[in-house]
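The values are calculated or read from the model by the stated rules, or taken from the named source; none is laboratory data. From a predicted model like this one, the values you see are computed outputs, not experimental measurements. Don't worry about glycine lacking a Cβ; one is built from the backbone with ideal geometry, like all the others, and counts go over all protein chains shown. In case anyone asks, the SASA skips ligands and DNA or RNA and just uses the protein heavy atoms, side chains included. Shrake-Rupley method; radii C 1.70, N 1.55, O 1.52, S 1.80 Å.
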Amino acid sequence: MLLGILALSCQDKEQEGIKVLKDWEERTPESQGVDSKKLDEAFKFLEKESGADGIKEVVVIRNGYMIWKGSRIDSLHRLFSITKAFTSTCLGLLIDDGKCKIGDFAKDYEPRLRGTYPEYEKITLRHFATMTSGYDGKGGSYGSQDPYDGSRTPFIPAKPVFAPGTEYSYWDDAMCMFGLVVTKIAKTSLYNLFKKRVADPIGINPDKWYWANFGEIDGVTVNKADGGIHMTARELARFGLLFLNKGKWNGKQVVSEEWIHEATKVQ
């Protein structure tokens, strides 16, 4: 369910008790039980196998400390599909608050899913979160080589690709509709929800991230759930460490441990 989150944190002891400062405290790899020579060897290999950015935007956090960093970890970067992890986390917050359940029908929150195709009335929040909804947007071309990778009108339902829960499809139209549904449940933008409940509490610099949006739909700003997050590697590492520590930050439960387990298990 947690889609696109990257592995930039690693630890072998409990994070609880380690206070993560406003800025990362840097330590040597050896101080955290890591062989710096082997780490350098690993990154030399990664650099040869990577794209143009190489390892410039890589951060390694070990036991709450920064033990390795590239030269451009403060470069604002579009995270593309890692955005899906932010979107599903917003759903987790709403479930934690009792505002919805994972098995709820999406149509109960978004009327666009009613009265078009009967399959769409059977889509649950779990289907959307696990990319098994079969939803498609009008104007797109599922499975094509269109560089846009989806519909330019993802909120207008088109013929289903498959019945909900019968197949898996990594498809942006469905994620966009999922974002709209979660926004309707939250009654505020996903940016506002995530900033207040997660980003600010774990110390993500508000000047080092933003969430692009489609503008207002039905009176509320709808963020781009398919790939709208822009953030630096330095700040993104905090999100990774939050999940690694089962939703807890400096002793405070920011996201429930139950949701972290649900979001990271094999579906």
Fill in: Extension reserve of the residue 45-residue 152 stretch, reckoned as 0.36 nm per residue once the Cα distance is removed
34.7 nm
Item to complete: Have a look at 120, 191, 168 and report the one farthest towards the positive end of the charge dipole of the chain, computed about the Cα centre with Cβ charges (Lys/Arg +1, Asp/Glu -1).
Response: 191
Response to the item:
Reduced to Cα centres, the span from the stretch 188-256 to the stretch 34-82 in Å works out to 21 Å
Worksheet, complete the sentence: Under the Karplus relation with 6.51, -1.76 and 1.60 and θ = phi - 60°, whole-Hz ³J(HN,Hα) for the stretch 177-192, x at Gly and Pro, equal 5, 4, x, 5, 4, 5, 4, 4, 5, 6, 6, 7, 5, 5, 4, 4
Worksheet entry | Percent antiparallel among DSSP beta bridges (both partners in the chain, rounded to 5) | 85 percent
Worksheet entry | Where labels lie 7 Å past Cα in the beta-carbon direction, separation of residue 267 and residue 38 in nm | 3.4 nm
Response to the item:
Distance in nm between residue 163 and residue 21 label points, each 7 Å along Cα→Cβ, equals 5.8 nm
Worksheet item: Given labels modelled 7 Å from the Cα in the Cβ direction, how far is it in nm from residue 114 to residue 75?
Response: 4.8 nm
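I'd like the FRET efficiency for residue 52 and residue 207, computed as 1/(1 + (r/R0)^6) with the beta carbon distance as r and R0 of 22 Å, rounded to 0.05. Intermediate results must be reported in sequence, preceding the final value.
On the way: r = 25 Å, r/R0 = 1.16.
Computed FRET efficiency for residue 52 and residue 207: 0.30.
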Item to complete: Rounded to the nearest 500, what is the 222 nm mean residue ellipticity of the chain from helices alone, with -39500 (n - 2.57) per DSSP H run of 4+ residues and division by all residues?
Response: -8000 deg cm²/dmol
Discussion item. What are the ³J(HN,Hα) couplings of the stretch 89-106, residue after residue, when phi is run through the Karplus curve with 6.51, -1.76, 1.60 and θ = phi - 60°? Round to Hz, x for glycine and proline.
Written reply: 5, 4, 4, x, 4, 5, 5, 4, 7, x, 7, 6, 10, 4, x, 5, 6, 4
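Give me the accessible area per residue for the chain, probe 1.4 Å, as a whole number in Å². Please list the in-between numbers first.
Numbers: 12860 Å² over 267 residues.
Solvent-accessible surface per residue comes out at 48 Å².
For the chain, report the translational diffusion coefficient in µm²/s to the nearest whole number, using Stokes-Einstein at 25 °C, 0.890 mPa s, and a Kirkwood Rh over Cα pairs.
Working: Rh = 19.5 Å.
Using the Kirkwood radius from Cα pairs, D works out to 126 µm²/s.
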